[in-house]
Structures are given as structure tokens and as C-alpha cells.
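Engineer: Structure incoming, see below.
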Amino acid sequence: MKKILVLLAAIALMVACDGISSLPKQFTQLADKVEKKGETFSAEQWEQISDQLDALTEKYNDNIDKFNAEQKQEVNKAIGKIQAGILKAGLGEAADAVGELVEGAKGFLEGLTGGDKGDKE
């Protein structure tokens, strides 16, 4: 019976360690997802990405002393890619909003001047 308990404890420890050691890869996978598809994400998808990033970051911070320099570098690089994707998507939304403002201003000016110059024949 003791052998079975020791074996189960060893398996549980290996699974826990494997989950931690795969953390840099999880960050990289999330970063790749954001980099490839981030510009098309909805607000709900961005919330999911944010939740995933928060969970990964919390797990990483809780176990930071268990990672070597190369793993830490991989995590930091992935976080940078994710932040760049968030910024890029935000800039895209801002550009769309500016475009809408310009179109609205054009309509306003046309209304003030009595329409397009092409309409005055």
C-alpha cells in the first residue's frame, strides 16, 4: 500500500512540475495567437486573452524562482508580443474612430455649404 501511495505522490509531483515547466510555452502560444489574429478579436475575445494572461502571469510569478534565464526571457518576449498586439488592435480601433469623425465632419461641412460642389449645376 505504501508503494502505491509513494508512486501516486511521485506522479502528482511530476505532473505539477510539468505544468510549471510548460508555462513559457503557454505564454508563447498565447502571444502567437494574439500576433496572428489579434486585429480581428472582439471585445469579448480580448477579455478572454486578458484573463488567460492574468492566470499565466500569476502562475509565473508564484514560481518565478523555478525558471532559468532562458525560460524567463521566453516569457518576457511573449508578454511583449501580447502587449504589442493589444496596442496594435487599440490603434486600429482609434484609427477607425478618427475615420468616422472625419466622415462626420465632411457631412457637417457639406450641410453647411449646401451640399457637394458637383450638385450645383
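The values are calculated or read from the model by the stated rules, or taken from the named source; none is laboratory data. A quick note: this is a predicted structure, and the numbers were derived from the prediction, not measured. Quick reminder, even Gly has a Cβ in these numbers, built from the backbone with ideal geometry, and neighbours come from all protein chains shown. Side chains are part of the model used for accessible areas, which takes the heavy atoms of the whole protein and leaves out ligands, DNA and RNA. Shrake-Rupley method; radii C 1.70, N 1.55, O 1.52, S 1.80 Å.
Engineer: Which residue pairs have Cβ atoms under 6 Å apart, sit 6 or more places apart or on different chains, and have a first residue in region 26-47 that is assigned to a helix (DSSP H, G or I) and a second that is of a type in the set (Lys, Arg) and surrounded by 15 or more Cβ atoms within 10 Å (Cβ to Cβ)?
Structural biologist: Once the first residue is assigned to a helix (DSSP H, G or I) and sits in region 26-47, its partners that are of a type in the set (Lys, Arg) and surrounded by 15 or more Cβ atoms within 10 Å (Cβ to Cβ) give Ala31/Lys81; Glu35/Lys81.
Engineer: Taking Glu58 as the residue in question, decide whether it is open to solvent by 100 Å² or more (accessible area, probe 1.4 Å) and out of contact with any strand residue (DSSP E or B) (no Cβ under 7 Å at 6 or more places or on another chain).
Structural biologist: yes
Engineer: Scan region 62-90 and report the pairs whose first residue is under 15 Å from Lys33 (Cβ atoms) and whose second residue is among the acidic types (Asp, Glu), with Cβ atoms within less than 6 Å and a gap of 6+ or a chain change.
Structural biologist: Note: pairs meeting the criteria are Lys81/Glu35; Gly85/Glu35; Ala89/Glu39.
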